[in-house]
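Peer 1: Have a look at this one before I ask anything.
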Amino acid sequence: MSSKCPNDGVTTDSSSHTKAGWTLGAGVEYAFTQNWTTRVEYRYSDFGKFTDNPATDGTFLYPTDVTTQAVRVGFSYKF
């Protein structure tokens, strides 16, 4: 396994970083009968940036921007 070339098809990287960040979201819920509702939610999370260096010789640095976006759709039944 080589760490000299990032696109050689065999180089792998694994890292674990605890990051603090922020989340912003919004959603709507609609009751279309007395017992059934549906909802749509959107959430954006940003955990900042860090630089990963899987090569031990310091050859390659990989700047990483850690963000996620999620859209959720749901149905609920109220008893």
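The values are calculated or read from the model by the stated rules, or taken from the named source; none is laboratory data. Not measured: the values here are computed from a predicted model. Here the Cβ is made from the backbone with ideal geometry for all residues, glycine too, and neighbour counts use every protein chain on show.
Peer 1: Show the residue pairs that are 6+ apart or on different chains and have beta-carbon atoms under 7 Å apart, the first residue being within region 58-69 and over 24 Å from R43 (Cβ atoms), the second being at pLDDT below 75 and among the aromatic types (F, W, Y).
Peer 2: As it stands, the answer is none, since no pair meets every condition given.
Peer 1: Among the strands (runs of 3 or more DSSP E) confined wholly to the chain, which include 3 or more residues that are at pLDDT below 95? Even if it seems obvious, please write down each step before you answer.
Peer 2: Values: elements: 22-31, 36-52, 62-77.
Output list reads 36-52, 62-77.
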